[in-house]
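The values are calculated or read from the model by the stated rules, or taken from the named source; none is laboratory data. For clarity, every value in this text was computed on a predicted model and none was experimentally measured. Cβ atoms come from the backbone with ideal geometry, glycine included; neighbour counts cover every protein chain shown. Protein only, heavy atoms only, side chains kept; ligands, DNA and RNA dropped before computing areas. Shrake-Rupley method; radii C 1.70, N 1.55, O 1.52, S 1.80 Å.
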Amino acid sequence: MIDKVYNFIDELKFNNIKQTSFKISKKIISIIRYNITKKGYVTIGMISDYNINLIYQDLILELSNLKNILKNIYIFNISDFYPINNNNIYSTYHYLSEFFLKKINFPIENFYNMEFNRKNDIEKSFKDYDNKIQQLGNFDLIILKEPLNNIIYIKNINYCTGIIDLSEKDIERIFSNYIYKDIVYKNIWSIGLNTILKSSHIISINNNSLINHPNIEYYTYHNNYYNKWNNSKESLLSISKDSIKKTIYNISIKNDKPISKFTLKDYQLNPSIIGNFKSIKNANNYFLNIFKKTIVDDPGVNENNKSKNIIVFSPHPDDDIISMGGTIIRLHNMGYNVNIVYQTSGNIAVSDEYVLKYLDSIKSYSELLNYSDSFMTNINCTINNFFKLKNKGDKDLTIIRKIKGIIRRNEAKSTCRLIGIKNANIHFLDMPFYETGYIKKKDLSYADFMTIVNIILKINPAQIYSAGDWLDPHGTHKKCFQSIIEAINIIKSNKLSNDIDNCLIWLYKGAWDEWNIYDVDMAISMNNEEIKKKNMEYYDMNLKKME
């Protein structure tokens, strides 16, 4: 589905996140003004999330100049972890209160939150909460964001406000970027889909849900646009190629049946998706072909850029081989100039014992060559003494971090050699944000962005591959992706390269997460020789994955 990839790039790579936040905040202000003018007040349902928080920062500036209307705004918290104290720093209530509403001196009596007094009163509390919303005429505006609103749609579709049990996958998604992994909630409370559908207006940020609503706008931070979906009485599903793939996949799994064998009965819950086909056979062939088109022989094709240069960005020195080793082998074998760019040193993942093993090897090698060096002897002594006194969580000495980084580099070079990639095509960036010596990393800086800018300009790729599995425990993969997007913004805004307009971006997964079959836009069918070579790469990687 190469055509979809071009659309994906248009939506993903160049637009400024701050401009988009500003545009959305302006839209919210216009909805607030309209409703206050029309009926004297406005009712808003809100939730907290990283990208939505950027919008709230813009709203603080906007509402600070409109203090006279704050008393006419009613805000409801629409979802939160359960059970959780309102003062808990991870609660939506706490964030909205401390970092948004208090900044504009919002009247606290106009901010509603779910309150749980006694266990027997939970159901009554839910009903009271829904009643408060209904008494105000339902929501004039709801602001939603993944992943919590997806859980609302899927699990709370026929209910009003209630408690939702989180699956292990839900928990993994929600808490993937939490630094303290022991802070995990297995339930959330949320308003239901019935309440959402009664809202006059819905703004959904980066949302891929299939909900249809007469006045819903889907925004993405990677493209400054919004779409209004037309109301449909046939189904809550909005029929797009993406939603079709997911629907067909679910039918296949549920009925344990290949697409080519679907019957009318299999489509009975989704009749609208076959409405334009003359026969079930035609529908089956069409849907099957959608999936078939994702399987390609030549992953390097770019109709708008014939360059053979390709960059594979790898957050750590091993994500490339783990996640897309087969694709790298295919690209190299087909004559593409594949450059592997390791964004961070990955030194945190190397155990202390492995460093001692590495130093023992150096010592043995020196003895074999009758080479004696007092400097190396002192280094070994310093490192050994440090490890003896080291407590869990202590920051390593600079020399130890560098040695650990060298170990990761050598491992990466070894696997690249198995493929046939030359040393000149292996790049180690050691991005500054990662080099703290601790698990917690720094925020991305201009230095990080320019590191990526320089490598892109040097290689001038026709394709860029970046890790899209953002469930790594410490958020490094996501930061590495964000640095690439911001670097491309810099290249575009400063007109440093005209070729970047025709560069494709692909996201790969594998180290911490896998694509769902219906999310895959390109798949590679590997032959026996390629599988054997990839297995050799895995075998050669003897570092334990710890990032």
Between residue 497 and residue 306, 0.36 nm times their residue separation minus their Cα-Cα distance comes to what?
67.2 nm
Which of the listed residues, 327, 286, 354, is farthest toward the dipole's positive end in segment 283-381, when Lys, Arg count +1 and Asp, Glu count -1 at the beta-carbon?
286
So, for segment 455-499, what is the accessible surface per residue at a probe of 1.4 Å, expressed in square angstrom?
35
If 125, 525 are ordered by their accessible area, calculated over protein heavy atoms with a 1.4 Å probe, which sequence runs from highest to lowest?
525, 125
Please compute the modelled spin-label separation between residue 265 and residue 442, points set 7 Å along Cα→Cβ, answer in nm with one decimal.
6.4
In whole percent, and with a 1.4 Å probe on the protein chains, what portion of the accessible area of segment 269-401 is carbon and sulfur?
53
So if R0 is 22 Å, what FRET efficiency would residue 85 and residue 105 give, r being the distance between their Cβ atoms, rounded to the nearest 0.05?
0.40
Work out how much length residue 373 to residue 69 would gain on full extension: take 0.36 nm times their residue separation and subtract the Cα-Cα distance, in nm to one decimal.
101.8 nm
How large is the accessible surface of residue 417 in square angstrom, using a 1.4 angstrom probe and rounding to the nearest 10?
140
Given the pairs 245/281; 308/404; 357/509; 306/495, which are separated by over 28 angstrom at their Cα positions?
308/404; 357/509
Too long for a 23 Å Cα-Cα cut-off, among 26/102; 39/102; 102/198, are 39/102; 102/198
Filter the chymotrypsin sites (Phe, Trp or Tyr not before Pro) in segment 81-136 down to the DSSP loop ones having no more than 10 other Cβ atoms within 10 Å, then list what survives.
none
